[in-house]
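Worksheet for the structure shown next.
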Amino acid sequence: MVSTSAIAQQSVADLSWMTGSWTGKLGTSTIEEIWTTPSSNSIQASVRILADGAAIVHEFIVITQKDDGLVLSLQQWGPGYAPLGPAATMTLSEMTENSVTFDAEESAAIKRLTYRRTDEQTFEIAVTAQDAPEFVIVLTAAS
């Protein structure tokens, strides 16, 4: 874990373990997530959730290195690219060699996101929404 005083010193380059294509189940839906290689003080992901042969959610995530630490921004769209609410911004709260946690403002729909790489083939996303218990999405390396 990183102390609060060290959070500003964290680099997007420290997130290279996120890079890759990942897929898994989210209930009865399939989730696909592709993370780029960190470059130019950012790393980004394109996400889609598929159900019944169609994309039901598209999501774009960017983690940017700012002077005071890492910031995660995300936006989700439904069919027809209708926004599924306002864009969210979250700030780094914890970081280890193979995990990173971001916390949102109190009023945000998603309160906390933790990404962790448990081995070469497994990528997990722990999601904590407002007034709901944490749930974990387990993804595996896409072939």
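Please treat every number below as a calculation from the coordinates, not as lab data. As the structure is a prediction and not an experimental result, all values here were calculated from the model. With ideal geometry, Cβ positions are generated from the backbone for all residues, glycine too; neighbour counts draw on all protein chains shown.
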Tell me the residue from 100, 136 that is among the aliphatic types (A, V, I, L, M) and touching an Asp or Glu at 6+ places or on another chain (Cβ under 6 Å), please. 136
Would you pick out the residues in the range 127-143 that are without any contact (Cβ under 8 Å) to a residue 24 or more places away in the chain and in contact with a strand residue (DSSP E or B) (Cβ under 7 Å, 6 or more places away or on another chain)? 127, 128, 129, 130, 134, 135, 136
